[in-house]
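Below: one structure, written as structure tokens.
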Amino acid sequence: MISIRRATLADALRIAELSGTLGYPIDPGTLHARLSRLLASEADLVVVAIPPSGDLAGWIHGTDREFLETGRHGEIVGLVVDAAQRGLGVGRALVDAVESWARTRGLDRVVVRSNVVRLESHPFYERIGYKRIKTQHVYRKGLSTNTIMPDHE
């Protein structure tokens, strides 16, 4: 049985480790500071999955977004499951938690963006009922000449 609970600051190191495995390396101190802000935000939800082993096996970040042209919706903005735990229902349980949270906020849909290079994630989302609605390019511009911008996001 997988236990889902809200993340705590004590989870920051493991969340940082998992983020690194997906190609988003982050200093645990930086992640701790970001997590602190997100945990205080009413518009954000960060939850973690704990399997029977007791080790944190995955995390998800959902947010309540509002756009001028399309209105409010929930969005999954980050999801990572430990490679050894994939295919065991961890990802599904985390997505279910965000969907449930979105419903309690009166949101009528959840959106997720999946990088085209994440080939394993596309069938996962489709299996759990998500439909591909568009393909797009993402552009980025650093706002400081001293800013180093990673190639991925």
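With respect to (1) in contact (Cβ under 8 Å) with a residue 60 or more places away in the chain; (2) in a loop (DSSP other than H, G, I, E, B), the lone exception for ALA93 is condition (2).
Here ARG103, ARG113, ARG72, ARG109 are screened, and the one residue that is farther than 25 Å from SER3 by Cβ, charged (D, E, K, R), surrounded by fewer than 18 Cβ atoms within 10 Å (Cβ to Cβ) and more than 17 Å from the chain's Cα centre (by Cα) is ARG72.
Could you give me the residue pairs with C-beta distances under 8 Å whose first residue belongs to segment 4-29 and is among the small types (Gly, Ala, Ser), whose second residue is part of a loop (DSSP other than H, G, I, E, B) and surrounded by 13 or more Cβ atoms within 10 Å (Cβ to Cβ) wherever it lies, and which are 6+ apart or on separate chains? Within 8 Å, the pairs are ALA16/ILE26; SER19/ILE26; GLY20/ILE26.
Of the numbered conditions (1) of a type in the set (Asp, Glu); (2) surrounded by fewer than 19 Cβ atoms within 10 Å (Cβ to Cβ); (3) assigned to a helix (DSSP H, G or I), ASP11 fails exactly one; give the number of that condition. For ASP11, the failing item is (2). Of all the numbered requirements in (1) touching a His at 6+ places or on another chain (Cβ under 7 Å); (2) surrounded by fewer than 18 Cβ atoms within 10 Å (Cβ to Cβ); (3) touching a residue at least 24 places away in the same chain (Cβ under 8 Å); (4) within 23 Å of ILE2 (Cβ to Cβ), VAL46 misses one, and that requirement is (2).
I need a count of the residues in segment 107-153 that are among the small types (Gly, Ala, Ser), part of a loop (DSSP other than H, G, I, E, B) and modelled with pLDDT of 85 or more.
So the answer is 3.
Beta carbons closer than 7 Å, at least 6 apart along the sequence or on distinct chains, never pair a first residue in segment 56-82 that is closer than 25 Å to LEU18 by Cα with a second that is buried (at least 21 other Cβ atoms within 10 Å of the Cβ) and at pLDDT below 95.
The values are calculated or read from the model by the stated rules, or taken from the named source; none is laboratory data. The shown structure was predicted, so the numbers you read here are calculated from the model rather than taken from an experiment. Neighbour counts are summed over all protein chains in view; Cβ atoms, including those assigned to glycine, are modelled from backbone coordinates with ideal geometry.
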